[in-house]
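Here the structure comes first, spelled out in structure tokens, and everything after it is commentary.
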Amino acid sequence: MIFRKIAFCLCLFLLPAITRAQLFYDFQSGWYLGANAGIASYFGDLSFYDLDPVNKIRHESRFVAGLTAGKSLNQWIDLEMNFDHGGMKGSNQNNDLSFTGNFTELTLNGIISLSRIISNQSYQRFQVCLSLGAGSIFYRSTKSRISDNTYVYSVGRNSSGDKKGSPGITAVFPAGILLSFDLNKSLVIRSRFAFRMPDDDLLDAHAGSTGINDRYSFAIIGFIYRLPPVRPDKSGPLPCPEFAGLIRSK
């Protein structure tokens, strides 16, 4: 239900861009590659500092890094693939349980520039964007007692913490905000915060009783490098000025 609401809101933002876009970039231009790094923060049954950002970073966050490949469809909309790998951890003194885990995430994301839609300018060095996507997360986690560090349960690992069997796999739906600044025409620095909503409650190797799935967030910074400069698609609605003159003469 939450994902549907987010998708509906994003469609409301996308509609003006789609209706105003007369030309898309051609297939050879608009491509970019990038890399990023930051922290992944866990929210779930075994988290305690959800309302304490400092301790959330210190005690319930781990490093994450990834690669990006994407294409600008037009001046408002980008479509990109993201590959990220990192770790998660959390603990809750109330039930004497903690966990550590690692994951690999592969997602496809749509990005829309709010700055360009609002200002109606084709180029801005600084942009504020919304992102929404879907993909999969592959994870392995181990749960243990805080008091004596004894093993309790795991997903994709054995009691010694070694990989065993298949990892847990579930769908994930990222939604967030992205800030970007063009250093020049090719190099762009970007910062992104995105909340992840997996379709699973075992990221922490613990099945909770609340009926709410585990969640996690990314806070990352990185860069993208644009390949050849963008060019409008040659297949526009009016193929040449002479043909446009014939249309107008009628």
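The values are calculated or read from the model by the stated rules, or taken from the named source; none is laboratory data. What you see is a predicted model, and the numbers here were worked out from it, not measured in a lab. Glycine also receives a Cβ, built like all others from the backbone with ideal geometry; neighbour counts cover every protein chain displayed. Please note that ligands, DNA and RNA were not included when accessible areas were found on the heavy atoms of the full protein model with its side chains. Shrake-Rupley method; radii C 1.70, N 1.55, O 1.52, S 1.80 Å.
Skipping prolines and chain starts, which residues have an amide H placed within reach, meaning under 5 Å, of the one on Ala134, given they are 5 or more residues away or on another chain?
Distant-sequence amide H within range of Ala134: Leu108.
Full extension from Asp182 to Asp96: what is 0.36 nm times the residue separation minus their Cα-Cα distance, to one decimal in nm? All intermediate terms of the calculation are to be shown ahead of the outcome.
Details: separation 86, 0.36 × 86 = 30.96 nm, distance 4.75 nm.
Additional length available on full extension: 26.2 nm.
Calculate the spin-label point distance for Asn213 paired with Val152, positioning each point 7 Å from the Cα along the beta-carbon direction, and give it in nanometres.
2.2
How big is the shadow of the Cα convex hull of the range 33-226, averaged over all directions, in nm²?
With every direction weighted equally, the projected area is 11.5 nm².
Could you tell me how far the Cα centroid of the range 51-72 sits from the Cα centroid of the range 123-156, in Å?
Each part's Cα centre sits 9 Å from the other's.
Roughly how many Å² of Phe193 are accessible to a 1.4 Å probe, to the nearest 10?
Rounded to the nearest 10, that gives 100 Å².
Would you kindly state how much longer the chain becomes between Arg145 and Asn120 on full extension, computed as 0.36 nm times their sequence separation minus their alpha carbon distance, in nm to one decimal?
Values: separation 25, 0.36 × 25 = 9.00 nm, distance 5.57 nm.
My answer for the length gained is 3.4 nm.
How big is the range 130-215 by the Kirkwood estimate over distinct Cα pairs, in Å?
15.4
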